[in-house]
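The structure appears right after this line, and notes come after that.
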Amino acid sequence: MDFIFELRYRLSSDDDNQDEIVGRLEREDCTDALIGIGRPGRIALEFCREADDALAAITSALADVRRAIPTARLINVGPDLVGLTDIAEYSHVSRQNMHKLANNNVETFPVPVYAGSICLWHLEKVLRWMMPRGNYAIEPGTLEVASIARQLNIAIQAREIEPELFRQAQDLLA
């Protein structure tokens, strides 16, 4: 099965030759990725990777990128945080229908992670909410990828927590 996901990295100052980076990625079996290098110091890779499951697809891509660009630092895995328009695309409904679903189900619809002029949700949570409520054309593997992406993003954020605060938070949240 093919799994579609994104990996976004911060590059070190040593990795400033875009052509060389692309060549290294190709040599490490990342030919199944669309490479975005438009922003200086960053690289985004959109993979369409064949594997038995989403975890195998994502972990093999992470290993390939690590071999190709060992100094790159993973900053985000997607799809995870998305707006209603993105959710509509993943569930193959109109944007208006997605807004209607969210607005008509305020008591049960997942709470956004960020609510400002634009709201963001964890894709996994919204898909899990939607699946038992209708016959949505969600691509196979999308929920699995979104779940792993969310968990990896939590791990990425957790590495920035001060150790003492982390220990205290574990006690408080138990």
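The values are calculated or read from the model by the stated rules, or taken from the named source; none is laboratory data. The structure displayed is predicted, hence computed values, not measured ones. Methodologically, a virtual Cβ is constructed for each residue, glycine included, from the backbone with ideal geometry; neighbour enumeration extends over all protein chains shown.
State yes or no: is Ala88 farther than 26 Å from Ala155 by Cα, touching a Leu at 6+ places or on another chain (Cβ under 7 Å) and without any contact (Cβ under 8 Å) to a residue 24 or more places away in the chain?
For Ala88, the condition - farther than 26 Å from Ala155 by Cα, touching a Leu at 6+ places or on another chain (Cβ under 7 Å) and without any contact (Cβ under 8 Å) to a residue 24 or more places away in the chain - is not met.
All but one of (1) in a loop (DSSP other than H, G, I, E, B); (2) of a type in the set (Asp, Glu); (3) within 19 Å of Gly141 (Cβ to Cβ) hold for Glu107; which doesn't?
It is condition (3) that Glu107 fails.
Counting only residues that are of a type in the set (Gly, Ala, Ser) and surrounded by 13 or more Cβ atoms within 10 Å (Cβ to Cβ), which one in the stretch 128-168 is modelled with the lowest pLDDT?
The qualifying residue modelled with the lowest pLDDT is Gly141.
Within the set of pairs 6+ apart or on separate chains, which have a first residue in the stretch 147-174 that is farther than 22 Å from Leu120 by Cβ, a second that is among the β-branched types (Val, Ile, Thr), and C-beta atoms under 8 Å apart?
Final answer for the pair search is Ala169/Ile161.
Within the stretch 16-46, how many residues are surrounded by fewer than 19 Cβ atoms within 10 Å (Cβ to Cβ), in contact with a helix residue (DSSP H, G or I) (Cβ under 6 Å, 6 or more places away or on another chain) and assigned to a loop (DSSP other than H, G, I, E, B)?
3
Only one of (1) surrounded by 14 or more Cβ atoms within 10 Å (Cβ to Cβ); (2) over 28 Å from Pro112 (Cα atoms) is not met by Ala63, so which one is it?
Looking at each condition in turn, Ala63 falls short on (1).
Need the failing condition index for Pro112 against (1) without any contact (Cβ under 8 Å) to a residue 24 or more places away in the chain; (2) surrounded by fewer than 12 Cβ atoms within 10 Å (Cβ to Cβ), just the number.
Just one mismatch for Pro112, condition (2).
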